[in-house]
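Structure first, then comments.
Derivation of every value follows stated rules applied to the coordinates shown; laboratory data play no part. Owing to the predicted nature of the structure, the values given are computational and were not obtained by experimental measurement. Every residue, glycine as well, gets a Cβ built from its backbone with ideal geometry; the counts of neighbours run over all protein chains shown.
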Amino acid sequence: EAQVTQNPRYLITVTGKKLTVTCSQNMNHEYMSWYRQDPGLGLRQIYYSMNVEVTDKGDVPEGYKVSRKEKRNFPLILESPSPNQTSLYFCASSSRTGWVYGYTFGSGTRLTVV
Amino acid sequence: AQSVTQLDSQVPVFEEAPVELRCNYSSSVSVYLFWYVQYPNQGLQLLLKYLSGSTLVKGINGFEAEFNKSQTSFHLRKPSVHISDTAEYFCAVSEVDSNYQLIWGAGTKLIIKP
């Protein structure tokens with residue numbers, strides 16, 4: 001089944017403790033992206049990648065890192081999480097030409113930083 | 001696209017009644033338009049899209065939307081809603097030459113009253 005898999009689904013952590021949220025897709029998509037979703041703000045893009053070793057900042061990149069060493073994986077790294085990073089995070093992917101037909105989203109990771 | 005405005009954060013409607021969710025955007029160039037739906041505790045999925053051609057587009061689950069270039073709007077409609085339509089709906093816009101990037105609205109929660 002074609003899908004984007006995020007792990008974990010839920011995570012509670014403490015301020016300053018480094019964490020990684022994984023994202024993997026099995027569709028050979030070139031494009032991958034991370035969003036955070038907050039009430040009343042919709043989806044805000046954190047980082048995106050157009051292909052292996054190519055990443056770029058979105059609208060809210062501060063406090064986050066990403067890497068794209070393999071086509072299928074696009075992990076989101078929070079080096080020193082803070083409470084304002086408590087949010088619902090989504091990973092999405094699409095093909096180079098198929099993006100107009102819709103992104104494929106993961107099921108989300110609900111992160112709480114205390 | 002510079003911005004996307006979803007005028008209503010919540011829309012309560014009785015079951016079997018019609019509904020319209022409003023979306024306006026600002027852009028001076030040609031755009032692609034999308035509606036995504038997020039069911040509770042799930043990721044987003046594409047509901048429908050406008051790329052070109054007929055301004056009335058039909059999507060899944062009986063939804064349709066009309067692109068109005070002069071009003072810069074892309075309102076979503078359904079003639080008769082069901083409890084299963086309870087979800088959050090996001091409008092998104094992409095300028096034709098933007099290469100993958102979407103600008104998202106803040107979302108509208110559709111609340112179905114029995």
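P(r) tail for chain A: Cα pairs beyond 23 Å make up 22% of the total. Taken over the stretch A:63-108, the percentage of Cα pairs per 10 Å bin, counting from 0 up to the bin with the maximum distance, is 22, 45, 27, 6.
For the stretch A:39-87, relative contact order (Cα pairs under 8 Å, six or more residues apart, normalised by length) works out to 26 percent. Within the stretch B:15-114, the ratio Rg/Rh, alpha carbon atoms throughout and Rh by Kirkwood, equals 0.96.
Between the listed residues B:Asn24, A:Cys23, B:Val57, the Cα displaced farthest toward the positive end of the dipole of the protein assembly as shown, a dipole computed from Cβ unit charges relative to the Cα centre, is found at A:Cys23.
The calculated FRET efficiency for the pair B:Phe14 and A:Glu53, based on their C-beta separation and a Förster distance of 41 Å, comes to about 0.20. Largest first, the three principal axis extents of the alpha carbons in the protein assembly as shown are 48, 40, 34 Å in whole numbers. Mean projection of the Cα convex hull over all viewing directions, computed for the stretch B:44-84: 3.5 nm². Which parts of the stretch B:69-88 would a label at B:Ser54 reach, counting a residue when its backbone N lies under 19 Å from a point 7 Å out along Cα-to-Cβ? Correct set: B:69, B:74-80. Mean sequence separation of contacting Cα pairs (under 8 Å, at least six apart), scaled by the length of the stretch A:1-89, corresponds to a relative contact order of 32 percent.
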